[in-house]
Amino acid sequence: MAHEVKTAPTGEDPAAYCAALPTARRREEGARLLALFGEVTGEAPVMWGPSMIGYGSHEYRYASGHGGTWFRVGFSPRRAALSFYGLQDSPAAGELLARLGKHRLGAGCVYVNGLKDVDETVLRELVARAWDAPPP
C-alpha cells in the first residue's frame, strides 16, 4: 500500500489565517512570526494543511523509498504552544537552542509556550542557520 502524504500546500492565505486566530496573543504572535520567517528566508509563506505555515520546500526520500515534498522551515501558532519546524537540523542548532529560552523538543519540532518565553534574536538566528543549511 502506498503511503499518502496528508499535509500539502493549500491555497489559504497565511496572513489571513493568523489574523483569524481566536486570541489576541495568538494573532499577534502569528503576525510577528510571519514577519520574522519572511525577513530571514526572503520567501513568501505557504499554508501547509490547516495550520502549518512553511517557507521554501525540498524533496525527501527515505531508505524505504517513501518520499515527498516538505517545507524547509516553518511554524504553527497552535493553541497549546507555538511549534517550529526544521530548526534542529543545522550544525549550530544545539548551541542556539541552549540560548533560546524556555522550550521543549519533539521529533523535528521545537515547542514554546509563547514568544515571551524566548529570545527572538536567537530564534531569528536559528531560522537563518536552518535556512542556510542543506535540507536533511
Item to check | Neighbours by Cβ (under 8 Å, 6+ apart or cross-chain): first from the stretch 1-12, in a strand (DSSP E or B) and modelled with pLDDT of 55 or more; second of a type in the set (A, V, I, L, M, F, W, C) and open to solvent by less than 100 Å² (accessible area, probe 1.4 Å) | outcome: 9/46; 9/47; 9/48
Next on the checklist: Checking the condition over 11 Å from the mean Cα position of the chain (by Cα) and either at pLDDT below 95 or of a type outside the set (Gly, Ala, Ser) (or both), which residue from 82, 33, 87, 105 passes?
Outcome noted: 105
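Scanning the stretch 97-117 for residues that are part of a helix (DSSP H, G or I) and hydrophobic (A, V, I, L, M, F, W, C), which turns out surrounded by the fewest Cβ atoms within 10 Å (Cβ to Cβ)?
98
Please count how many residues of the stretch 17-64 are of a type in the set (A, V, I, L, M) and open to solvent by 50 Å² or more (accessible area, probe 1.4 Å).
Qualifying residue count, the stretch 17-64: 7.
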Checklist entry - So residue 94 clears everything in (1) without any contact (Cβ under 8 Å) to a residue 12 or more places away in the chain; (2) open to solvent by 70 Å² or more (accessible area, probe 1.4 Å); (3) of a type outside the set (Lys, Arg) except one condition, right? Which one? => result (2)
Checklist entry - Could you say which residue among 64, 83, 76 is touching a Cys at 6+ places or on another chain (Cβ under 6 Å) and at negative phi? => result 83
Checklist outcome for this item: All conditions in (1) assigned to a helix (DSSP H, G or I); (2) without any contact (Cβ under 8 Å) to a residue 60 or more places away in the chain are true of residue 36 except (2)
Item to check | residue 72 open to solvent by 30 Å² or more (accessible area, probe 1.4 Å), within 14 Å of residue 36 (Cβ to Cβ) and basic (Lys, Arg) | outcome: no
Item to check | Tabulated pairs, the stretch 108-136, first among the aromatic types (Phe, Trp, Tyr), second assigned to a loop (DSSP other than H, G, I, E, B) and surrounded by 14 or more Cβ atoms within 10 Å (Cβ to Cβ), C-beta under 7 angstrom, 6+ apart or interchain | outcome: 111/81; 111/103; 131/72
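The values are calculated or read from the model by the stated rules, or taken from the named source; none is laboratory data. Only a predicted model underlies this, so the values are computations on that prediction, with no experimental measurement involved. Glycine also receives a Cβ, built like all others from the backbone with ideal geometry; neighbour counts cover every protein chain displayed. The protein model used for the area step is the full one, side chains on, heavy atoms only, and it has no ligands, DNA or RNA in it. Shrake-Rupley method; radii C 1.70, N 1.55, O 1.52, S 1.80 Å.
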